[in-house]
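Below is one structure, written out as structure tokens, with a few remarks after it.
The values are calculated or read from the model by the stated rules, or taken from the named source; none is laboratory data. Treat the numbers as computed from the prediction; the structure is a model and nothing was measured. All Cβ positions, glycine included, derive from the backbone under ideal geometry; neighbour counts span all protein chains shown. Only protein heavy atoms, including side chains, enter the accessible area calculation; ligands, DNA and RNA are left aside. Shrake-Rupley method; radii C 1.70, N 1.55, O 1.52, S 1.80 Å.
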Amino acid sequence: KICSLAGSFAGHKIKAIGIGAPGIINIQEGFIYYLPNIPGWKNFPLKKILEKRLKIPVVIDNDANVFALAESCLGAGKGKTRSIFLTLGTGLGGAVVINGRLLQTSASAQELGHVPINLKGRLCGCGARGCIETEVGNKYLLKKYKQIKKNCPEGIEIKDLYHKALKGEREALKVWKDFSKALGKFLGGMINIFNPEVIIFGGGVSGAFNFFKPFVYKAIKEQAMWPNLKDLKLQKARLKDAGIIGAGLLARASCN
């Protein structure tokens, strides 16, 4: 599909292709070690294969990293010195920007979603147990709702869970409050480490940001050291398709 899409731009001179992938990646080699929530992508040399077929430079990074790149340059994190970025969706992606620079390692990401908060918790897609992702990922939220809700309707989605909570449904409220407590406790720890000015939320679950924000902040206050909270702001991402924009910025930077 990527090759087909590139072919549809045959009338233009494509200088590079940028890709954000949801997992652990060797950035220099563009090699995907594995994607915790998508089976089949293990030890896959995506950069090498695409460059061979397309004859175009390809750069690959973690999807949360390219999301953070876009939001820090053009969105809610612009002008901030210290920021934490979260993508809340199937799992929990995370990135940290300090002094305008994305923290990076040889394996592409600060895997914030795989920080353990419950040593006897659920099995995570990464293979470990009790990761924060297992408390806040949308598939875990829906599973929890189905466990506590009698006669749960088929095909329920996160947005439905959000609307049910807004209407005051007890089971939906419990799921969101448990989500907020876990996320807030986790973020309290991240705040004590990085002392961010802002935490920026993106991804599908962030559609409920205005609803869960006060619950999350309450849990943060119970966990974080108070001097680190003086200037802290919680914000929703501003850009539509920030991950795609960030991948484009990544590709453009590779051409300089």
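How large is the Rg to Rh ratio of region 35-127 when both quantities use alpha carbon positions and Rh follows Kirkwood?
1.02
Provide, for q = 0.18 Å⁻¹, the log10 of I(q)/I(0) from a solvent-free Debye sum over equal Cα point scatterers in the chain.
Results for the chain at q = 0.18 Å⁻¹ read -1.41.
Accessible area of the chain with a 1.4 Å probe: how many percent of it is carbon plus sulfur?
Here it works out to 54 percent.
For K174, go through the lysines and keep the ones whose alpha-carbon is under 19 Å away, minus same-chain ones fewer than eight residues off.
K174 reaches K139, K143, K144, K146, K149, K150, K159, K164, K185, K213, K218.
For the chain, what is the mean residue ellipticity at 222 nm derived from helices alone (per DSSP H run of n ≥ 4: -39500 (n - 2.57); sum divided by total residues; nearest 500 deg cm²/dmol)?
Dividing the helical sum by the residues of the chain leaves -12500 deg cm²/dmol.
Please give the per residue accessible area of region 132-245, computed with a probe of 1.4 Å over protein heavy atoms only, in Å².
With the other protein chains kept in place, region 132-245 gives 54 Å² per residue.
State the antiparallel share, in %, of DSSP beta bridges confined to region 21-164, rounding to the nearest 5.
Once the DSSP bridges in region 21-164 are tallied, antiparallel ones form about 95 percent.
How many nm separate the modelled label positions at K218 and S106, each set 7 Å beyond the Cα in the direction of the Cβ?
With each label point 7 Å from Cα toward Cβ, the separation is 4.6 nm.
Can you give me the relative contact order of the chain as a percent, contacts being Cα pairs under 8 Å and 6 or more apart?
23 percent
Jot down the per residue volume, in cubic angstrom and as a whole number, of the convex hull over the alpha-carbon atoms of region 154-256.
Convex hull volume per residue, Cα atoms: 133 Å³.
For the pair E157 and L74, how long in nm is the line joining their label points, each one 7 Å along Cα→Cβ?
Reported label-point gap for E157 and L74 is 2.5 nm.
Could you give me the percent of Cα pairs per 10 Å distance bin for region 1-69, shortest bin first, beginning at zero and ending with the bin that holds the maximum distance?
Percent of Cα pairs in each bin: 20, 50, 27, 3.
Any idea what Rg and Dmax come out to for region 202-256 if you just take the C-alpha atoms, in Å?
So, for region 202-256, Rg and Dmax equal 15.9, 46 Å respectively.
Counting Lys +1, Arg +1, Asp -1, Glu -1, what net charge surrounds A219 among other residues with beta carbon under 10 Å of its beta carbon?
Neighbour charge sum, excluding A219 itself: +4.
How far is it, in nm, from the label point at K150 to the one at K230 when both lie 7 Å from their Cα along the line to the Cβ?
5.3 nm
Of A68, A21, A128, which is the most mobile in a GNM of the chain whose springs link Cα atoms less than 10 angstrom apart?
A128
Please calculate how many Å² of accessible area region 1-78 carries per residue, with a 1.4 Å probe and no DNA, RNA or ligand atoms counted.
Each residue of region 1-78 exposes 57 Å² on average to a 1.4 Å probe.
Local charge sum around I60 (other residues, Cβ-Cβ under 12 Å, Lys/Arg +1, Asp/Glu -1)?
Here the charged neighbours net out to -2.
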